[in-house]
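> Sharing a structure below in structure tokens format, with a few things to ask.
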Amino acid sequence: MGVLTAEEADAKYNEFLKQKAEKLEKEIQKISEERIKAKQKRFDAEAKVNEQRISKIQEKHKKEIQAKHAESAEEETAPED
């Protein structure tokens, strides 16, 4: 083993920096993917809640319309005095 020359030291340092940058890039990518997945889960949950709300509102309106039709039918068939 001998002493490193300036060129060898620079080469090792540059390789170290390259590996560190690659490691950081992978970590950033991983975090980005996790954020995207978490955001998608929240979006899917919100969409599910919205669908349930829509379903309840549609059912309410359906019952209201049926009641109005039944009321109209009763008025039409009721004998007038």
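> Is it true that some residue in the stretch 7-27 is out of contact with any Pro (no Cβ under 7 Å at 6 or more places or on another chain) and surrounded by fewer than 10 Cβ atoms within 10 Å (Cβ to Cβ)? Give the derivation first.
Kept after step one, since they are out of contact with any Pro (no Cβ under 7 Å at 6 or more places or on another chain), are these residues of the stretch 7-27: 7-27.
Now drop any that are not surrounded by fewer than 10 Cβ atoms within 10 Å (Cβ to Cβ), which leaves 7.
Checked the stretch 7-27: at least one residue is out of contact with any Pro (no Cβ under 7 Å at 6 or more places or on another chain) and surrounded by fewer than 10 Cβ atoms within 10 Å (Cβ to Cβ).
> Six or more apart or on different chains, Cβ under 7 Å: which pairs go from a residue in the stretch 52-75 that's part of a helix (DSSP H, G or I) to one that's not hydroxyl-bearing (S, T, Y)? Could you list them?
Hits for this filter: zero, empty list.
Each reported figure results from applying straightforward, stated rules to the coordinates on display, with no laboratory input. All of these numbers come straight from a predicted model, not from anything done at the bench. When we count neighbours, we look across all protein chains shown, and the Cβ atoms used for this are built from the backbone with ideal geometry, even at glycine.
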